[in-house]
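Q: The structure under discussion is supplied below as structure tokens; questions concerning it will follow.
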Amino acid sequence: MDWSRFAQQMAAMARDLLAQDSVGSTLDRIGASATELVEGCTAAGILVLHERRVETLAATHQLVVDSDRLQARLEQGPCFDAARTSRGERVYRIADLTAESRRWPVFAPQAHKLGVGSMMGFLLFTEDDDLGALNLYSREPGAFTEASELAGWLLASHAAVALSAARTHAQMEQAVSTRHAIGEAMGILMGSHHLTEDQAFDVLRRYSQENNVKLREVARQVCEKGGLD
């Protein structure tokens, strides 16, 4: 492997990731980068494991989605193992899925039927009870080498930073948008019901609590309808 060329590609990819304008585009670019930069990788995806529920966040090929769904249905496979080992397994490499029938007696043969020959996975984040992972696939057994694993680990390290930045930015944008909507809703209530600022906010808060609706949704309803039902 030409590590000098790889380093240049990795630097360009890191800049590209940070330049993405949304969490979704960042996720898609991470997956695409894996197929471009990691030898042997023909498909890649990012999933989140919510305890026993699997959510595919990005996938370069249908094979990735099918594999995620299979793990979710069987509650068995490398991602579930990673979640069960005290969040300790940050990297896994499966050289030949056909040789893993003892480890995953149901998942391994069915994944092989889907066309999975070998797999690698890299932990991107753990948050509360959620685990986010970048998974790399090849239809051929033995496709991933130690060099592939190192390249994947370097990619995942950059990807984790870029994904964290994108999620933080999205959360900040949502917080600003929510604050603006609440302020607008308070203004509407203050004008239509002759309330003070504190009274208007208290109306929104009580409605949110009594109806089990998030405050930003209550504010959106007021802004759209001019009041509360």
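The values are calculated or read from the model by the stated rules, or taken from the named source; none is laboratory data. It should be emphasised that the depicted structure is a prediction, and the values quoted were computed from it without experimental measurement. Backbone-built Cβ (ideal geometry, glycine too); neighbour counts: all protein chains shown. The accessibility values were calculated without ligands, DNA or RNA, using every heavy atom of the protein model including side chains. Shrake-Rupley method; radii C 1.70, N 1.55, O 1.52, S 1.80 Å.
Q: Check the stretch 20-35 and report whether any residue there is at pLDDT 75 or above, more than 19 Å from PHE122 (Cα to Cα) and basic (Lys, Arg).
A: Looking through the stretch 20-35, none of the residues is at pLDDT 75 or above, more than 19 Å from PHE122 (Cα to Cα) and basic (Lys, Arg).
Q: What are the residue pairs meeting all of these: first residue in the stretch 185-200, first residue more than 16 Å from VAL218 (Cα to Cα), second residue of a type in the set (Val, Ile, Thr) and surrounded by 15 or more Cβ atoms within 10 Å (Cβ to Cβ), Cβ atoms under 9 Å, and 6 or more apart or on different chains?
A: Going by the 9 Å Cβ cut-off, the qualifying pairs are HIS193/VAL203; LEU195/VAL203.
Q: What are the residues in the stretch 144-155 that are buried (at least 24 other Cβ atoms within 10 Å of the Cβ) and closer than 23 Å to THR26 by Cβ, if any?
A: ALA151, GLY152, LEU155
Q: Still on this structure, I have one more. Is one or more of the residues making up the stretch 138-146 at pLDDT 75 or above and in contact with a helix residue (DSSP H, G or I) (Cβ under 6 Å, 6 or more places away or on another chain)?
A: No, the stretch 138-146 has no match at all.
Q: Name the pairs: first residue in the stretch 138-155 and over 22 Å from GLU100 (Cα atoms), second residue assigned to a helix (DSSP H, G or I) and small (Gly, Ala, Ser), Cβ to Cβ under 7 Å, at least 6 apart or on different chains?
A: LEU155/SER33; LEU155/ALA34
Q: Now a separate question. Quick check on this structure: which one of ASP2, ASP68, ASP21, ASP28 is of a type in the set (D, E, K, R) and within 18 Å of SER148 (Cβ to Cβ)?
A: Only one candidate qualifies: ASP2.
Q: Any idea which of ALA43, ALA111, ALA11 is open to solvent by 20 Å² or more (accessible area, probe 1.4 Å) and not hydroxyl-bearing (Ser, Thr, Tyr)?
A: So the residue among ALA43, ALA111, ALA11 that is open to solvent by 20 Å² or more (accessible area, probe 1.4 Å) and not hydroxyl-bearing (Ser, Thr, Tyr) is ALA11.
Q: State all residues of the stretch 22-49 that are among the charged types (D, E, K, R) and under 22 Å from ILE94 (Cβ atoms); if no residue qualifies, say none.
A: GLU36, GLU39
Q: Whether any residue in the stretch 78-95 is open to solvent by less than 10 Å² (accessible area, probe 1.4 Å) and modelled with pLDDT of 80 or more is what I want to check.
A: For the stretch 78-95, residues open to solvent by less than 10 Å² (accessible area, probe 1.4 Å) and modelled with pLDDT of 80 or more: present.
Q: Take ALA162 and decide whether it is surrounded by 14 or more Cβ atoms within 10 Å (Cβ to Cβ), of a type in the set (A, V, I, L, M), modelled with pLDDT under 80 and in a helix (DSSP H, G or I).
A: yes
Q: Is there any pair with a first residue in the stretch 112-134 that is more than 18 Å from ARG53 (Cα to Cα) and a second that is at pLDDT below 80 whose Cβ atoms are under 7 Å apart and which are 6 or more apart or on different chains, and what are they?
A: As it stands, the answer is PHE122/ARG90, since those pairs meet every condition given.
Q: What pairs come up if the first residue lies in the stretch 22-48 and is under 14 Å from THR60 (Cα atoms), the second is acidic (Asp, Glu) and in a strand (DSSP E or B), and their beta carbons are under 7 Å apart, counting only those six or more places apart or on different chains?
A: Pairs that qualify, where the first residue is under 14 Å from THR60 (Cα atoms) and the partner is acidic (Asp, Glu) and in a strand (DSSP E or B), are LEU47/GLU55.
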